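Where a number appears in this text, it was derived from the coordinates with a stated rule and is not lab data. Since this is a predicted model, take the numbers as computed values, not measurements. Because the Cβ atoms are built from the backbone with ideal geometry, glycine has one as well, and the counts that use them run over all protein chains shown.
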Amino acid sequence: MVSGPAPMNLPPIARVRRQFVQPEVDDAAALVTRAIRTSHLAGRVLAGGRVAITVGSRGIAGLPRIVHAAAQAVRSLGFQPFVVAAMGSHGGGTPEGQRALLAELGVNESSAGCPVRCEMETVVLGTNSFGLPIHFDQNAFDADGIILLNRVKPHTSFTGSYESGLLKMLTIGLGKRQGAAQVHKLGLPGLKTMLPEVGAFLLERTPVALGIAILENAFEHTARIVAVEPEELLEVEPRLLDQARELMGRLPFDQIDVLIVGELGKNYSGTGLDPNVIGRQRVETMPDLPRPVITRLAVLDLSVETRGNALGIGLADLTTDRLVQAIDPVPMRVNSLTSNFLTRARVPLSLPTDRDVISACLQTCWRIEPDQARLVLVPNTLELTTLWVTQPFAAEVESHPELGFETGFQPMPLDAAGNLEQERLFPESVRGRRARPAERRGNGPAAARPVVVEDRAAERVEYKW
């Protein structure tokens, strides 16, 4: 029985790097320490009081060091710090699942230097304008002070003055599973209305003492650390969001026939595949973004860090059998039902190998010949400074002021089973680093990297597998 289009000779690809200058801090942990010590925290919390530091489920750059620095700074002011899981329904909506997620991000009691609380109990503090209860984490509410520690960036489901950031962590992250469900209950209108409304309510009725906003650049490095006093949060966060929007990584092309994404995962985006990058929203009643326009999109694998949660797979047109087999339906079901965005969890057509998937994309992308297809390969939707493209992009790359070829065009590296050798294509990616021997991670070139040979005639670097 034929399972899909017959595999074809795949078009050659070349490596492209995007070069541009963005702000970046040298020591994020030191800036967090300074931000806490120079804030008004000491005047807001009783001497010896307990201070909750919020940590969510996102893969923030340098998160373990940042959390440790925050706990140490709080302790140096004479308070008792503890970490509180602030991730709504993630981790399957269970204490064990949320503790495991934090541990995978490198945050545990040993690394943080303080207790980590992941209980799901909440206190109901009132009702919102829709008559729904406002839930809030019991551990955070019982603290003498709360530090909202989170990255500020554009949301993956809607556009507004407040998207992913401090206010969202306060209203949804600390709302735990029940609170997250209530804010999402009315879909997009609810989100846009509830974030500022419930956020303002909670700022008045909970012991929020400080916000630490983290902005990251397109290289996924820390660009800014900003201390936000609670009375300024509603005014300051929209400005920080505008800055984050300017900094975030995007695909440099407006029209793509085939986009192949190596991995999907919540460590890359809350939606697995970032809609701000791929242009596809797939949210009921809401149109897609104007750019980029992608005819055919495929994703090949789930990240290890996403723990089987394949939320966002519904944004793809094709995938592999092994990705489908790796799905854990429980966390994906909980996450989808809590968010009230169900389309993003629909599993697309799957095929046995990467070669099958890429061939099917090329045969259905509305081009007559495969070598005419504008195909892009990326490791995920977070790490976008390096990508591989086919020949039809050549002129566009060469004329773009921020893009440059690093290799000539060469065959896609496939293993004997017909699967893409992603670690070779993207040795600097999360997956590439994950594949290296532990003792060599983060210490320069690793075994997974290709051998670099200069091709001076072509004035570029050639990668030999």
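Structure notes:
- Relative contact order of the chain: 18 percent, from C-alpha pairs under 8 Å at least 6 residues apart in sequence.
- Within the stretch 2-99, chymotrypsin sites (Phe, Trp or Tyr not before Pro) in DSSP loop having at most 14 other beta-carbon neighbours inside 10 Å: 20
- Chymotrypsin sites (Phe, Trp or Tyr not before Pro) within the stretch 355-410, DSSP loop, no more than 12 other Cβ atoms inside 10 Å: 366
- Principal-axis tilt of helix 354-363 within the chain, Cα atoms, nearest 10 degrees: 70 degrees
- Whether the stretch 276-368 is rounded, prolate or oblate, judged on the alpha carbon gyration tensor where a/c under 1.5 counts as rounded: oblate
- With 10 Å bins from 0: P(r) over the stretch 109-235, alpha-carbon pairs, percent: 13, 43, 35, 9, 0
- If the segment from residue 409 to residue 76 were pulled out straight at 0.36 nm per residue, it would be longer than the present Cα-Cα gap by 114.3 nm.
- Rounded to whole Hz, the Karplus (6.51, -1.76, 1.60) HN-Hα couplings of the stretch 51-57, x for glycine and proline: 10, 8, 10, 7, 9, x, 9
- DSSP bridge analysis restricted to the chain gives an antiparallel fraction near 45%, rounded to the nearest 5.
- DSSP loop GluC sites (Glu not before Pro) with at most 16 other Cβ within 10 Å: longest gap in the chain: 122-283
- Linear extension gain, residue 416 paired with residue 291, 0.36 nm per residue minus alpha-carbon span: 41.4 nm
- ³J(HN,Hα), Karplus 6.51/-1.76/1.60, whole Hz, each residue of the stretch 11-23, x for Gly, Pro: x, x, 10, 10, 7, 10, 10, 9, 10, 7, 9, 9, x
- For residue 208, distant residues with modelled amide H under 5 Å away: 146
- Normalising the average separation of contacting C-alpha pairs (under 8 angstrom, six or more residues apart) by the number of residues puts the relative contact order of the stretch 165-275 at 20 percent.
- Cα gyration tensor, the stretch 28-247 - rounded (a/c under 1.5), prolate or oblate: rounded
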